[in-house]
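*Asks:* Following this message is one structure expressed as structure tokens.
Each reported figure results from applying straightforward, stated rules to the coordinates on display, with no laboratory input. Bear in mind that the values here come from a model prediction, so they are computed numbers and not experimental data. Glycine also receives a Cβ, built like all others from the backbone with ideal geometry; neighbour counts cover every protein chain displayed.
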Amino acid sequence: MPTITPIFASLIAIVFLILSFRVIFYRRSNKLGLGDEGDKSLLKRMRAQANCAEYVLLALILLLLVELSGISGDVVHALGIALLAGRIVHGYAFSVSPPIMKGRVYGTILTTGMMAGSAVLLLVQSVI
């Protein structure tokens, strides 16, 4: 039974919910319906939420596979921390006005680095 991945899945779910609530509360306070209705602040919030959704599913699957493959728990924790930090930094930097470009870059590097590292670890583990 995996014990590390559920911790990071739960924490990242909280990050996703925060991003979702930012969209919901903005919509309600500004009485906005479907789409972004041309509101750039809403669009940024929506894209921050969507970007999180686009990356975390595959990233968490990779993290789970790394954990199940028997790779050191320290490595699994490091990958999970990179993913969590990447999603927090990116989500915040993407959705504020004006966007913080360095934060977006660092968040992207952490997230994609985690995914690439996991993929390489799994390939090496599978081939050897």
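*Asks:* Calculate one ³J(HN,Hα) per residue across the stretch 44-57 by plugging θ = phi - 60° into the Karplus curve 6.51 cos²θ - 1.76 cosθ + 1.60, and present them in order as whole Hz with x for glycine and proline.
*Replies:* Couplings: 4, 5, 5, 5, 4, 5, 5, 4, 4, 4, 5, 9, 5, 4 Hz.
*Asks:* Further question: Mean residue ellipticity at 222 nm from the helices of the chain, using -39,500 (n - 2.57) per DSSP H segment of n ≥ 4 over the full residue count, to the nearest 500 deg cm²/dmol?
*Replies:* The per-residue figure over the chain is -29000 deg cm²/dmol.
*Asks:* I've got another one for you. Roughly how far apart, in whole Å, are the Cα centres of the stretch 70-128 and the stretch 38-64?
*Replies:* 14 Å
*Asks:* Here is a further query. Size of the dipole of the chain about the Cα centre, Lys and Arg at +1 and Asp and Glu at -1 on the beta carbon, nothing else charged, in debye to 20?
*Replies:* Its charge dipole is roughly 600 debye.
*Asks:* Which residue fluctuates the most in the chain, going by a Gaussian network model with Cα springs under 10 Å, if the choices are E67, E37, E54?
*Replies:* E37
*Asks:* Sticking with this one: For the stretch 109-121, take each phi angle, set θ = phi - 60°, evaluate the Karplus expression 6.51 cos²θ - 1.76 cosθ + 1.60, and give the result in whole Hz per residue in order, putting x for glycine and proline.
*Replies:* 4, 4, 5, 6, x, 4, 5, 5, x, 5, 4, 5, 4
*Asks:* Now for a different question. Pop out the ³J(HN,Hα) list for the stretch 66-76 in order, Karplus 6.51 cos²θ - 1.76 cosθ + 1.60 with θ = phi - 60°, rounded to Hz; leave Gly and Pro as x.
*Replies:* Working through the residues one at a time gives 4, 4, 5, 6, x, 5, 2, x, 4, 5, 4 Hz.
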